[in-house]
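Report on the structure given below.
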Amino acid sequence: MTAIVDFLNTIFWGYVLIYGLLAVGVFFTIRLGFLQFLHFGEMVRAIRGARQSDEHGISPFQALCTSLASRVGTGNIAGVAVALYLGGAGAIFWMWMVALVGMATAYAESTLAQLYKVRDGKGQYRGGPAFYMAKGLKAPWAGGIFSVALIISFGLVFNAVQANSIADAMLGAFGLPKIWVGVALAILAGMVIFGGLRSIARFAELIVPFMAAAYVLMALVVLAINFTDVPGVLMTIIRSAFGLEEAAGGVAGSVTAAMLNGIKRGLFSNEAGMGSAPNIAATATPMPHHPSSQGLVQAMGVFIDTIVICTATAIMILLSGVLEPGSGITGTQLTQQALEAHIGVAGAYFIAVAILFFAFTSIVANYAYAENAMIFLGVGNTLGLTLLRIAALGMVIWGAYEAVGTVFNAADASMGLMATINLIAIVLLSGTVVKLTKDYMEQRKQGVVPTFKATDYPELKEKINNDIWR
């Protein structure tokens, strides 16, 4: 079984996704007319007007915070450190590049999720890749495979991995026993997820802006302390990306190492194209009332995750001088040592607390994605969701004290499968994304608030819920 999982991961992560996610990002960047660059201001505007909701959906801002809760996890702390250690400073440049093209992919998948959303038995909006595969492509079988893969990876195993990261950090910083950390995490997570989607959205809306702001503020403090060194670090990142100087850590001067590690860690962190964030994007009441508005909001999520938060980690490490090739110090330990070099022993405690917030919010948001998948599969009743919640919390406790390497590999294969199916689906539906985008931007150009009119899309008549888009 292990050999099969390893083979699948080699195929998915060695070939299909590394190149596929990049290619699809470039494809949508070009086909949408460099949307993320030319209409960046519109993305900011979409977030500023994103606080309203109705009885059927959460607010776009809550959807953004929930997707950020999933995106912003241990990868933003440990993953960035690993990229720097293995690929040198230049890896950060390639993380930036993959995020910038990934914004177009994130826009496309979340716009489609909005368009093809439905209402569940309680009147709540639901949707995501499984729904646009079933309705847009008439391929419910693909949606079924996607949903099962999502439940396995995001709903169960990744929660064990996040819990493991928290338990390690709490043991290292405060000496807390792992098993009791796991139990405490399960109790706290249960208080949120048993409240349902709206409870998760309210939690994310309160916690995510606070945790992101606190982390970025710490990075700004480090920048202020080392102000004169910042230009040199930025030049090191750019020059190392192209092998123009010896990289600070990792493989000296290796463009390939910088590219591969930056791209891989960037894709893991921002999740653009994975098919995860669209599950929560679909549950929002868009403001303005057009599918593209939620796509714009979620594209900004990729920018915040990588360009802002991952860069904050990278700058703190590179300015510290603790990055040493071949030292064996990488991941969370490297980030902790870096911040200790800047502010003393409090740095290790700050990173431990940051991991607690980043990973805990990921646990809660990942569950929300799995809940959508359960509804698509027709088992989203009270019994089905209760069993999912118990299983997810059980994985939190188990993951806190067990080595999760083998299971994590299985989850990687599962996520690789769902991402591959999703990429194929959004490319096949790209014509619809282009038409929606042109419609939205044309209305903006005319000075009116963009509004989706189903009558302008006769080809979608039997595919979308006309009661929602009336």
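Of note:
- Using the Cβ-Cβ distance between F40 and I179 with R0 set to 45 Å, the FRET efficiency works out to roughly 0.45.
- The lysine pair count for the chain, using Cα distances under 13 Å and pairs eight or more places apart or on different chains, is 7.
- For the chain, the longest principal axis of the Cα atoms and the long axis of helix 140-150 meet at an angle of about 30 degrees.
- Counting charges near N381 (Lys, Arg +1; Asp, Glu -1) among other residues having Cβ under 14 Å from its Cβ returns a value of +1.
- In the distance distribution for the range 36-138, Cα-Cα pairs more than 24 Å apart total 40 percent.
- Segment L137-K122, length gained on full extension (0.36 nm per residue, minus Cα span): 2.8 nm
- Helix-only [θ]222 nm of the chain, DSSP H runs n ≥ 4, -39500 (n - 2.57) each, per residue, nearest 500: -22500 deg cm²/dmol
- Potential extension, L234-L220 segment - 0.36 nm per residue separation minus Cα distance: 3.6 nm
- In a simple Cβ point-charge model (Lys, Arg +1; Asp, Glu -1; nothing else charged), the range 8-451 has a dipole of about 1180 debye relative to its Cα centre.
- Ordering of 103-111, 333-341, 236-244 by burial proxy (mean other Cβ atoms within 10 Å per residue, highest first): 103-111, 333-341, 236-244
- When only Cα pairs below 8 angstrom with a gap of at least 6 residues are kept, the range 55-129 shows a relative contact order of 30 percent.
- Simple spin-label estimate for L188 and K463 in nanometres, 7 Å along Cα-Cβ: 4.3
- For the range 8-451, the relative contact order is 35 percent, taking Cα pairs closer than 8 Å that sit 6 or more residues apart in sequence and dividing their mean separation by the residue count.
- C-alpha long axis of helix 90-115 to longest principal axis of the chain, angle in °: 20
- Degrees, to the nearest 10: 197-225 long Cα axis against longest axis of the chain: 30
- Near M300: Cβ cut-off under 11 Å, other residues only, Lys/Arg at +1 and Asp/Glu at -1. The net charge is 0.
- Separation of the T10 and V345 label points, Cα + 7 Å toward Cβ, nm: 4.8
- Protection proxy ranking for 18-26, 2-10, using the average of other Cβ atoms within 10 Å per residue and placing the highest first: 18-26, 2-10.
Each value in this text was obtained by applying a stated rule to the coordinates, not by laboratory testing. Quick caveat, the model's predicted, so the values are computed rather than measured. Positions of Cβ are backbone-derived with ideal geometry, glycine not excepted, and every protein chain shown enters the neighbour counts.
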